[in-house]
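Below: the structure, in C-alpha cells.
The values are calculated or read from the model by the stated rules, or taken from the named source; none is laboratory data. Note that the structure is predicted; figures quoted are calculated from it, not measured. All Cβ positions, glycine included, derive from the backbone under ideal geometry; neighbour counts span all protein chains shown. Areas reflect the complete protein model, heavy atoms only, side chains present, ligands, DNA and RNA absent. Shrake-Rupley method; radii C 1.70, N 1.55, O 1.52, S 1.80 Å.
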Amino acid sequence: MMLESFVPVAPDSDFPLENLPWGAWEWLEPGSSAPRVHVGVALGEYCVSATELQAAGFLRDLPGAPPGVFSHGRLNAFMGSGRAAWRAARQQLQRLLGAGEGALRDDPALRQRAIHPASGVRMLMPAEVGDYTDFYASRQHATHVGAMFRGPANALQPNWLHLPVGYHGRSSSIVPSGVDVHRPRGQVLPAAGGTTAPVFGPSAQVDFELEVAAVVGPGNPLGAAIPLAEAWDHVFGLVLLNDWSARDIQKWEYVPLGPFNGKNWATQISPWVVTLEALEPFRAPLPPQAEPEVLPYLREGPYPHRHTYDVELAVDITPAAGPGGVPARAATVTRSNLKNLYWSFAQMVAHHTAGGCNLRPGDLLGSGTISGDTPGSAGCLLELTWGGRDALELQAERQELERDQGGKGAGPAEVGPGGEAIGAGAVEGKGGGGVVLGRRTYLEDGDTVTLRGWCDGEGGTRRVGFGRCEGKLLPCR
C-alpha cells in the first residue's frame, strides 16, 4: 500500500514518504541573522528537520543512538548507531509525516520550524568523510577500458575476476552537488610530436565518471575484519558519485601506483543518502561469479543474498548558455543501471577490511564507473568517445525543449504546507529528436554535468530517487 503524507508530494517526485533520504543543510530561520545547520530527510520539495523534531520531543527512542544524535550538524553519529536506530527513526518519521497523524500536521509553529522548502536551503555534505576508497567494480567498464589500452585479448588484468580492485582516494576534495569545480593543471605528454618529455599545463581531457557510492554506517575496530555475511549491516545507504577525472594527467602518472593528481582535484556526491530500507523493494540479482569462483571470504550465496538494486542511472551535459540569451539545455549522454556491477558493495566492504583495515561512520566506498553492454550505456566520455577518437553529439531531448518553451513538460503546480506553490518536476525518459547542442570528446569549460538516479515505481510501489549530483566545470584558477 502506498503511503500518503500531509506534505504534498508530486507523483514523479524522487522523494515520497517511502524514501525519506537523509542529508544536512543550512536554513536561515525567519527573524534570524545567521543560518543554522539541520540534519533530516527529504520529502517532496521539502527538507524535514530531525534536529527540530528531536528538540521538540520526537525521535527520542532510537535503539543504540546517543542522546541528541541529530544535534551535531552532520549524520556521522546517527550512521554509526546501527540499523535498529535507522529503522526506528524511519518508522517514527513516516508516522509523523503521514496524512493521518496530527502531532506535527496540527502544530503550525513546529511545522514552520521543522519543514523547510528545499528551494530555500543550502545543501551540505551529509557526513564528514574521513576516508574515501574508489573501486573498479563494473566488468563492462573494466573490459572496455582494458581493450582500449591493451587490446581485447588482455582487457582484464589477471586479478580482476578474483578481487574488487580499488584505490585510496582523497576525502578533502569531496564536495556536494551544486559546487562548481575548476579544471586542474598537471603534467601531461603532448598529444603530438612524438616526445617523451612531459609538459605542465591545464588538462585538455576532463571527464566525468558515473558512479554510486556506499556510505559506511557502523565501523569496525582496527585489526578486525567485517565478515561478508555482516557487510550490508555496515552500509547506511547509497549516493550518486561523480569521480571527476583528468584523463591526460591520469595517463601519464598512474604507473605504477595508480591515479593521483588526475583524480584528487574533485569528487562530487548527491547530498541525499538513500537508505537500504527505501531501496529494498528494488533489490535485484548480480551476475554469477562461477568462472572463476571467488575465494571463500568473498563468496556470496545465490540471490537474494548476492544482490544490488535496480537503480536507473543517467548523465546529462548542459553546455553554457549560448549568445543572445539562448537558454542552456541538457543533453542526456548515457543511461546505465546499478545492476551493471560485478562486485557487490558487500564484497567491497569485506575485501576492504579483510586485512584489518578499520572503516568509520561516514566513509565513502565508490563503485567505480558503471557501464553497461548497450550503446549509450558507457559511464564516462573516455568510453563514449573511445579515448577521444569519436566525438559525441550533444542533443537536447524533446521534453527538455518543451520545458524551455513552457509546454506540456512543465507540469502542474501544487500547494505546500505553508501555502507556497511547488512544481511537479521533470519526467524521465527520452524524447524523439531535438536540437544538436554541440559535440564533445571531453568536457569544455562551462559544461554542467548532472548525474541522476531513480528506481521506477511499478506494481504498487512509488518511484524512489536520489535527486541530482550536479556541478559545473570552470576554467583553471
Of all strands (runs of 3 or more DSSP E) fully inside the stretch 1-98, the set with 1 or more residues that are within 19 Å of residue 362 (Cβ to Cβ), modelled with pLDDT of 95 or more and among the small types (Gly, Ala, Ser) is 22-27, 36-43
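Listed here are the residues, each with its yes/no results for (1) modelled with pLDDT under 95; (2) outside the structural domain of residue 297 (by the TED database); (3) among the hydrophobic types (A, V, I, L, M, F, W, C).
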{"site": "156", "(1), (2), (3)": "no, no, yes"}
{"site": "162", "(1), (2), (3)": "no, no, no"}
{"site": "190", "(1), (2), (3)": "yes, no, no"}
{"site": "194", "(1), (2), (3)": "yes, no, no"}
{"site": "197", "(1), (2), (3)": "yes, no, yes"}
Out of the residues in the stretch 238-252 that are touching a residue at least 24 places away in the same chain (Cβ under 8 Å) and either open to solvent by 10 Å² or more (accessible area, probe 1.4 Å) or of a type in the set (Gly, Ala, Ser) (or both), state the one that is nearest to residue 366 (Cα to Cα).
245
Looking only at strands (runs of 3 or more DSSP E) that lie completely in the stretch 131-214, which have at least 1 residues being of a type in the set (Gly, Ala, Ser) and free of Cβ contacts under 8 Å to residues at least 24 places away in the same chain?
199-202
Test for residue 309: is it among the hydroxyl-bearing types (Ser, Thr, Tyr), touching a Leu at 6+ places or on another chain (Cβ under 8 Å) and open to solvent by less than 20 Å² (accessible area, probe 1.4 Å):
yes
Check whether at least one residue in the stretch 227-237 is touching a Gly at 6+ places or on another chain (Cβ under 6 Å), surrounded by 17 or more Cβ atoms within 10 Å (Cβ to Cβ) and in a helix (DSSP H, G or I), and report yes or no.
yes
Flag if residue 258 is within 24 Å of residue 169 (Cβ to Cβ), in a loop (DSSP other than H, G, I, E, B) and open to solvent by less than 100 Å² (accessible area, probe 1.4 Å):
yes
Near pairs, Cβ below 7 angstrom, 6+ apart or cross-chain, from the stretch 78-90 (free of Cβ contacts under 8 Å to residues at least 24 places away in the same chain) to any residue that is open to solvent by 20 Å² or more (accessible area, probe 1.4 Å):
84/63; 84/64; 85/63; 85/64; 85/65
